[in-house]
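The values are calculated or read from the model by the stated rules, or taken from the named source; none is laboratory data. Treat the numbers as computed from the prediction; the structure is a model and nothing was measured. Counting neighbours? That spans all protein chains shown, and the Cβs are built from the backbone with ideal geometry, glycine included.
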Amino acid sequence: MKAHYIIGIIVVAIIVLVIEWKRINKSLKKEKIVMIIFLTMSIILSIALAYFPELLGPSDLVHKVFSPFGRLFKL
């Protein structure tokens, strides 16, 4: 059953890649590299969360990192 999730994630990622690739100029190679890196990281995170839903997501990680600063400044 998880294979359907992975196929869906990859299909959506390919659609995003095709749409955004057309928008980026050919001379902007660094932007294309960064886009591929971020898209790959999001694919890996999505697949990991599909198999292990108890893993912390990005917002949970940010909350755990910055919550001590909130307590420090009494926010």
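Filtering region 27-73 to residues that are over 18 Å from the mean Cα position of the chain (by Cα) and aromatic (F, W, Y) leaves F66, F69, F73. Can you pull out every residue in region 1-57 that is in contact (Cβ under 8 Å) with a residue 12 or more places away in the chain and exposed (fewer than 10 other Cβ atoms within 10 Å of the Cβ)? Matches in region 1-57: K2 only.
Restricting to region 61-75, name every residue that is surrounded by 10 or more Cβ atoms within 10 Å (Cβ to Cβ) and at pLDDT below 85. Those that are surrounded by 10 or more Cβ atoms within 10 Å (Cβ to Cβ) and at pLDDT below 85: L61, G70.
Taking helices (runs of 4 or more DSSP H) that fall entirely within the chain, which contain at least 2 residues that are of a type in the set (S, T, Y)?
Working: elements: 2-23, 29-51, 58-72.
Qualifying helices (runs of 4 or more DSSP H): 29-51, 58-72.
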